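The values are calculated or read from the model by the stated rules, or taken from the named source; none is laboratory data. A quick note: this is a predicted structure, and the numbers were derived from the prediction, not measured. For neighbour counting, all protein chains shown are included, and Cβ atoms are generated from backbone atoms with ideal geometry for every residue, glycine included.
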Amino acid sequence: MIDQYRAVFDALPTDGVPEWLRPVRQTGLDRFMAAGFPTSRDEEWRFTPLGDMTRTPFAPAGPPRAPVSQADLEPYRFGHPEWPALVFVNGAFAPELSQTADLPEGVMATSLARALMTDPELVEPHLGKHLGADATPFAALNTAFIRDGAYVRVPAGRTLASPINLVFVTSADADGAMTHPRNLIVVEDGARLSLVESYVGLGESAASFTNTVTEVTLGQQSWLEHTRIQRESEAAYHIGFSHVHQVRESHYRSFSMSMGGRVSRHNLHTRLDAPNTEALLYGLSIGHGEQLVDNHTTIYHDKPNCRSWEVYKAILDDHSRGVFNGKVFVTPEAQQTDAKQTNRTLLLSDTARVDTKPQLEIFADDVKCTHGATVGYLDDLPHFYLRSRGIEPERATQILTYAFAAEVMDEVAVDPVRHELDQVVRTRLGIMDRI
Amino acid sequence: MLEIKNLCASIGPGEPNILKGISLTVNPGEVHAIMGPNGSGKSTLAQVLAGHPAYTVTGGEVRFEGEDLLDMEPEERALAGVFLAFQYPVEIPGITNAYFLRAAYNELRKGRGEEELDPMDFLDILEEKLKIVKWGPEMMQRAVNHGFSGGEKKRNEILQMAVLEPKLAILDETDSGLDIDALRIVADGVNALKRPDRATILVTHYQRLLNHIVPDQVHVLFDGRLVRSGGKELALELEAKGYEWLSEVAEEVVA
Amino acid sequence: MSSSVESLVNREYKHGFVTDIESDSVPPGLNEDVIRLISEKKGEPEWLLEWRLRAYKAWLKMEEPHAWANITYPPIDYQDIVYYSAPKTVKPLGSLDELDPKLRETYDKLGIPLNEQKLLAGVAVDAIFDSVSVGTSYKEHLGELGIIFCSFSEAVREHPALVQKYLGSVVPISDNFYASLNSAVFTDGSFVYVPKGVHCPMDLSTYFRINQAGTGQFERTLIVADEGATVSYLEGCTAPARDENQLHAAVVELVALEGATIKYSTVQNWYAGDEEGVGGIYNFVTKRGKCAGARSKISWTQVETGSAITWKYPSVILQGDDSVGEFYSVAVANGRQQADTGTKMIHLGRRTRSTIISKGISAGRGNNSYRGQVKVMPKAERAWNYTQCDSMLIGNRCGAHTFPYIDVQNRSSAVEHEASTTKIGEDQIFYLKQRGLNTENAISMIVNGFCKEVFKELPMEFAVEAQKLLGVSLEGSVG
């Protein structure tokens, strides 16, 4: 089955591809061909059923039959219309739907394909450079297919006042189609950026396959707020890999929400590669129907005096299944590490299931590392308390479920984004009024 | 009893000195108060005398009953009779106060060539000592300082001092963070243990403890140096004038 | 890192000696004939031989689990192991006085008082030397209560129906590589049966001992507590110093019927190897209990300070409604030791509850992994688990790893996992030294405090032994 991917690779257009990128792609293909698709025998993929996906002969996505309009995208864009936005439809950059006017001087927000043509010298030092041996076979496959995606660069010392929206749209007719968006985010020394990365499906039943990689590199004392929202069709397969490389005194704050896809998996890896860096990772998964929502995070504490803080939550209903694996590695050098991880899952039905594995691997002795995981249903006591104040039982459940989600949504720092996400979550949980 | 000559210390080799040449003599039966503003080196002096490994002695000497104190391990100093009541007493989860006190007490007995006490015999001693800090036996079943309030921790230090009966007790800001009742209990504890063959060094920021424990001498520490020594009235003078005027005095001393 | 927290362990193994009793061994290697020979030497019934052979066939198809556990070791040549050896002196004894003086001496050196004092202490001892039981005591008193406590071989002879009913009922012959190997070649072990409603009046104790050079140890233990019965079982281990790695693959099966309670406590202090890790024991053990009946309870407590490699996950299958599983563990990895240990709690019945308290201490170049699984199956309504998993590191050449797997398929359950990592603080040590304790006593005190929640689960006598052992195991780990 994996041979079809080689055929797709061989048919990739080579025009506009810089010389240096060809071996990068080739290595990606070789690594993928050597590894193949992971199976449940691979520890990292034990609970992620990929069988159906790997047996489906996905074809590279083409343009949609009916063009996607601004109105189609309206529900999926956050904030104000004048915020910068890069929109990709079925994997291809859609400049007519994007908004890149009025960017501050030196700030680049464009498609990777364009950046490769206009500024290859800016792209080359970063593209594929930080994805290490921990990259999954899917990330290798994405590398083989590097062609388009978002490219954002904030030069040293610049602060972007408005968040940038990155919107990856799969059209309603993209059944059986695959895309491999490749994104590169470069925040240079002292620069600040807020980013909202969305994956959306316009159709409710398109069994598409999105295999995306986002590479982030953060310079000294830089700051990034990274919000990632996955709302693909509930028949879709979504595999995402985000890799963040951090140096001295940089600050990374991530909020990752997954609520779409038949099977979705997001790997978020961040490497704290210099002292005094900080990473805050927040996640929320909401599953219903037959969905499987899988989050894997890895925090590499490579250097001393770094701090990481992680809270991932999941709300699972019906027959949905949640997977969480959170790794924290602390090298012998990384003294004074302060790492805290929390994973909480709420099961709303008798048939929902979760597999969670928080994992600490520590080789330094002067560290503060804790993790906690809880799985359960809503506490009886608060439920009773609400009912004793005259609230219907179902309503009490809704309120408490919302409260469970709100605790982590509150961590989204950009106000308009947080308010809109709140609306999205309430809609999904069937709570129409504000709580 | 204790003779400090020109003691200099820093937080490590190559670091600037925090103690810049301290000289002080304490005789048996005396109570000395060491006062000074925050950061003057008061706690450093207390910790260096107890042998805290974080500090490096860069000069001078300290003799305790004629022996070279600086040459001893912390536990040797403890067995020789030097007791430090910590400013921030350390928590030892899982180990009861009773067990901890007996272990320390038996180390002392072993050092003197005496037989170790079993828990029952030790309990008799402990009951007497608990009266000094006005505690019931239930405090003995709690883990050492674990979950103790600030005041409880300080009382626990006094209790340990009462049990170990040191020759030289150094109280490092034992009064800080105590309400008036706790302060009185601590002061009464110190006074109860006063004997002609024992000495006490009180390290404190405030004069109020000295209303309860009357010092024979008061020393003022400023920027790593003892800039003034006097009787108990010096403490009152400091209380009235604050510490700011000392910078001029300090300059004179350096000059 | 601080100056006082860095020097390494350098201690001779306290129990390092070899007793030269001539052994009756079969040649090294494993095949069907060896299994037939073992079965024949032990005078076993046909069904047991068949059972062994089925296990052997299953084992041949299995792969040694090298990949997943966080341990490394050179390959084991299973054809280079002697699968049977018995002290020549073994014969039915009228009384303990008839015991070989050499054996008595060995036991005395190990501090195993197989004598009057121990009897007075109320502990019945069934000592195992290499692979065959040589002495069983206090049997008569237990016999009056209907309690069977004997060597496994004797149980096969005297109580075949009980053995046949329960052997392999918790750990099937194809369970895992080492368990299958054990099933094929086990030579002896212990058997306990406590009848309905009987509370065993004393802790039952077995001391295991590895002695013969190059002899793999394949002990088999089966404990059955019938309805409403209670029993506490102690297993203590020690082994002489060897310069050749020795494999130990024991299987322990516990069955608790309705309302029964089994408490199983282990202190494991096998030879860990020299400072370079040469010569230590490989301890690959399968321990599992089944709470078969409602309101039954199985509690594992272990203090693991020895062995070069420990691979051990005492588990509980919570089948009966309202049954309870517990796991309390202290594991020390010092020098070059590798410990990969933890538990599995499989919740099948309603309102089943489990508690896991794991304390891992890593020092020197030791690596300690906690690997646990809490699985709540769909029918386990209102199942409850609490896991606390704490690691302590002494020095920065060691490692602590936690791999807790949590799999929940029932929404009315509550599963909670907490983990923390601490070090022995410089300030803690200084504080204790200021109160007159030397560094080693200070470390020992802090570590014992850290492990307290586990030690309090041990029977008194064992707890004292365990605390001493911990002190000895960490001797010299802090300079």
Test C:Phe430 against the stated conditions and say whether it is among the aromatic types (Phe, Trp, Tyr) and in contact with a helix residue (DSSP H, G or I) (Cβ under 8 Å, 6 or more places away or on another chain).
yes
Of residues in region B:161-191 being touching a Ser or Thr at 6+ places or on another chain (Cβ under 9 Å) and of a type in the set (D, E, K, R), the one surrounded by the most Cβ atoms within 10 Å (Cβ to Cβ)
B:Asp172
Test B:Asp172 against the stated conditions and say whether it is closer than 16 Å to B:Gly29 by Cα, at pLDDT 90 or above and not hydrophobic (A, V, I, L, M, F, W, C).
no
So which of C:Lys433, C:Lys452 is within 11 Å of chain B (Cβ to nearest Cβ), modelled with pLDDT of 85 or more and crowded, with 20+ Cβ neighbours inside 10 Å?
C:Lys433
One residue from B:Thr96, B:Thr58 being in contact (Cβ under 8 Å) with a residue 40 or more places away in the chain and within 14 Å of chain C (Cβ to nearest Cβ):
B:Thr96
Say whether the condition of being under 19 Å from A:Ala279 (Cα atoms), surrounded by fewer than 17 Cβ atoms within 10 Å (Cβ to Cβ) and under 23 Å from the mean Cα position of the chain (by Cα) is met by at least one residue in region A:327-341.
yes
Answer yes or no as to whether B:Glu152 is more than 14 Å from chain C (Cβ to nearest Cβ), closer than 30 Å to B:Asn211 by Cα and out of contact with any helix residue (DSSP H, G or I) (no Cβ under 7 Å at 6 or more places or on another chain).
yes
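Rundown of residues vs (1) among the hydrophobic types (A, V, I, L, M, F, W, C); (2) in contact with an Asp or Glu (Cβ under 6 Å, 6 or more places away or on another chain); (3) assigned by TED's automatic domain parsing to the domain that holds A:Val244; (4) more than 25 Å from A:Ala406 (Cβ to Cβ), yes/no style:
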| residue | (1), (2), (3), (4) |
| --- | --- |
| A:Ala279 | yes, no, no, no |
| A:Leu284 | yes, no, no, no |
| A:Glu290 | no, no, no, yes |
| A:His296 | no, no, no, no |
| A:Ile299 | yes, no, no, no |
| A:Pro304 | no, no, no, yes |
| A:Val311 | yes, no, no, no |
| A:Leu316 | yes, no, no, no |
Filtered residues of region C:305-340 (kept if among the acidic types (Asp, Glu) and assigned to a strand (DSSP E or B)):
C:Glu326, C:Asp340
Is it the case that region C:400-422 has a residue that's surrounded by fewer than 23 Cβ atoms within 10 Å (Cβ to Cβ) and either at positive phi or within 14 Å of chain B (Cβ to nearest Cβ) (or both)?
yes
Residue hits (region A:322-369; among the basic types (Lys, Arg), within 21 Å of A:Thr48 (Cβ to Cβ) and either assigned to a loop (DSSP other than H, G, I, E, B) or more than 7 Å from chain C (Cβ to nearest Cβ) (or both)) are A:Lys327, A:Arg344
Would you point out which residue out of A:Val169, A:Val186 is surrounded by fewer than 24 Cβ atoms within 10 Å (Cβ to Cβ) and closer than 24 Å to A:Met108 by Cα?
A:Val186
Log entry, pairs with first residue in region A:347-360 being free of Cβ contacts under 8 Å to residues at least 60 places away in the same chain, second being surrounded by 19 or more Cβ atoms within 10 Å (Cβ to Cβ) and β-branched (Val, Ile, Thr), beta carbons closer than 6 Å, six or more apart or on different chains, reads A:Val354/A:Thr345; A:Val354/A:Val375; A:Val354/C:Val408; A:Thr356/C:Ile406; A:Leu360/A:Val328; A:Leu360/C:Thr402
Hey, does region A:299-307 have a residue that's closer than 16 Å to A:Lys357 by Cα, assigned to a strand (DSSP E or B) and either modelled with pLDDT of 95 or more or of a type in the set (S, T, N, Q) (or both)?
yes
Taking the options C:Arg365, C:Arg397, name whichever one is touching a Pro at 6+ places or on another chain (Cβ under 8 Å), over 24 Å from C:Glu457 (Cα atoms) and charged (D, E, K, R).
C:Arg397
Got a sec? Which of C:Ala442, C:Ala383 is more than 9 Å from every other protein chain (Cβ to nearest Cβ), of a type outside the set (Val, Ile, Thr) and surrounded by 24 or more Cβ atoms within 10 Å (Cβ to Cβ)?
C:Ala383
Any chance C:Ser369 is crowded, with 24+ Cβ neighbours inside 10 Å, touching a residue at least 40 places away in the same chain (Cβ under 8 Å), among the polar types (S, T, N, Q) and under 28 Å from C:Ile443 (Cβ atoms):
yes
Enumerate the helices (runs of 4 or more DSSP H) found wholly within region A:1-88, keeping only those where 1 or more residues are touching a residue at least 12 places away in the same chain (Cβ under 8 Å) and β-branched (Val, Ile, Thr).
A:3-10, A:21-35, A:51-55
From the options B:Met72, B:Met120, residue that is surrounded by fewer than 14 Cβ atoms within 10 Å (Cβ to Cβ), more than 10 Å from every other protein chain (Cβ to nearest Cβ) and hydrophobic (A, V, I, L, M, F, W, C):
B:Met120
The conditions are (1) more than 8 Å from every other protein chain (Cβ to nearest Cβ); (2) assigned to a loop (DSSP other than H, G, I, E, B), and B:Pro89 fails exactly one of them. Which is it?
(1)
Over 18 Å from A:Asp148 (Cα atoms) and charged (D, E, K, R): does that describe A:Arg31?
yes
